[in-house]
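Data first, discussion second: the structure below is written as structure tokens.
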Amino acid sequence: MKKIIEDLKAISLNLDIDCYILGEYVINKLLNSKNENECIEVIFDGEINLIVKEFEDLGYITKKDNDNAAIIKNSVKKIKIYVKCIDNITIEKELENRNFTVNCIALKLIDNKIIDPFKGRNHLKSRIIQEVNEESIKKNPLIIMDAVNMYIQFGMHFSAYTEAHIREFGNALKDINDSSLFSKLMDIIKNDKSGVAFEILDQYELLKYLIPDINKLKTIGKCKYHVEDVFTHMNTTYKVFKQFEQGSIELKNFDSDFLFERIDNLYVKDILALAAFLHDVGKYRSYAKEGETVSFAGHEITGKHIVEEIFQKFQLNYKVIEMICSTVEGHMYPLTIFKEEKEDIKERFFKSFTPYIKHIILIFFCDILATSTFYDPNNEQKSYTVFIEQLMKGYVEGNF
């Protein structure tokens, strides 16, 4: 990042124009946070083509976004620089168009001067997320997801009228049909170290606009395997996955390097974190009860179809949808293998889900730990863990 800042200063001096840094980079600096920045927002008071040419001369990869903006990539650390140019307006006027006051703190690079027209530093000090004006969320409801991201990432809370507007205009999220909403959700998951994302989205009545049946899933779930409702179990499975991601839970024979591979701009670990939450999303539509017996037979297949229903409208990379769908569809296979101990079932599992065996085994592991958190009358957690470790070892060694 130090090299990028030096290059921004050099471009500003070479072209004799002002350069401002905004957003997450500035927030992290003011909070003395050690969070690594994967992107940086920059505003130049200059002409976009000249600025792009300067970046190219310095070895950066450039892509014009529109007549006044470009996305610049550092080829070494893969850090993105979002560049916007302003013309015939002041930086203060430009900042009026941003979402929240803490995102309106601009660092003028050459002078090392803070521009803060909306008291963003005061709000940051008090950990308050506040709209730039009372129309911000109404005009662009998608920024609600940015607010949730900051809430989780920086340990902030909403001002009174910002929270009121989140609740009032949150229903507009269900009408967003492009990939921008999914991207915002994945940003939240990526920055969620404590596994609270879906709790927060639900607390502010947003989750019901993102995932079908979410409130109905709170009304069912108790059966011979579970004492908790389905939503609580899904959320706990997500939390367990996050604990595994952070290293507080371990699984022998499991090589987790694949979690840091990318599909487009998404880490596999973040895609799987979402799959961990969604693994039982099909249970409400699969619910059946005869007398005192409750069944969710086929919920993994129903869940797969619901996932397709949710995400196909976002025009995502098919590999992302396939990974989530396959993980949801296959998550019951390891349990069947454990219960029935039949080699043909194991063989069918490995053949049917070949690209996603590790993904499914990991989610099954999180599923089991989440279940036993609330109910494990026969003390089976240890047996399941040993089984999962042996299943993974057999897969890696090709013994199936």
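Values quoted throughout were computed directly from the atomic coordinates according to the rules given, and no laboratory measurement underlies them. What you are looking at is a predicted structure, and each value in this text was computed from that prediction instead of being measured. Cβ: placed from backbone, ideal geometry, glycine included. Neighbour counts: every protein chain shown.
The table for this structure:
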{"read-out": "Length released on extending from residue 56 to residue 292, taking residue separation times 0.36 nm less the Cα-Cα span", "value": "78.1 nm"}
{"read-out": "Gaussian network model of the chain, Cα within-10 Å springs - most flexible of 239, 34, 119", "value": "34"}
{"read-out": "Centroid-to-centroid separation of the range 245-264 and the range 37-52 [C-alpha atoms, Å]", "value": "35"}
{"read-out": "Beta bridges by DSSP in the chain, antiparallel share as percent, to the nearest 5", "value": "75"}
{"read-out": "Exposed GluC sites (Glu not before Pro) absent: longest stretch of the chain, with sites in DSSP loops and at most 15 other Cβ within 10 Å deemed exposed", "value": "136-204"}
{"read-out": "Cubic angstrom per residue, convex hull over Cα atoms of the range 2-126", "value": "103"}
{"read-out": "Whole-number D in µm² s⁻¹ for the chain, Kirkwood Cα-pair radius fed into Stokes-Einstein, 37 °C, 0.692 mPa s", "value": "141"}
{"read-out": "Convex hull per residue volume in Å³, alpha carbons only, for the range 211-397", "value": "120"}
{"read-out": "Helical mean residue ellipticity (222 nm; -39500 (n - 2.57) per DSSP H run of 4+; nearest 500) of the chain", "value": "-15000 deg cm²/dmol"}
{"read-out": "Entries of 29/184; 216/289; 29/64; 125/184; 9/108 with Cα pairs more than 18 Å apart", "value": "29/184; 29/64; 125/184"}
{"read-out": "Of 359, 123, 279, the one that fluctuates the most in a GNM where the chain has Cα springs shorter than 10 Å", "value": "123"}
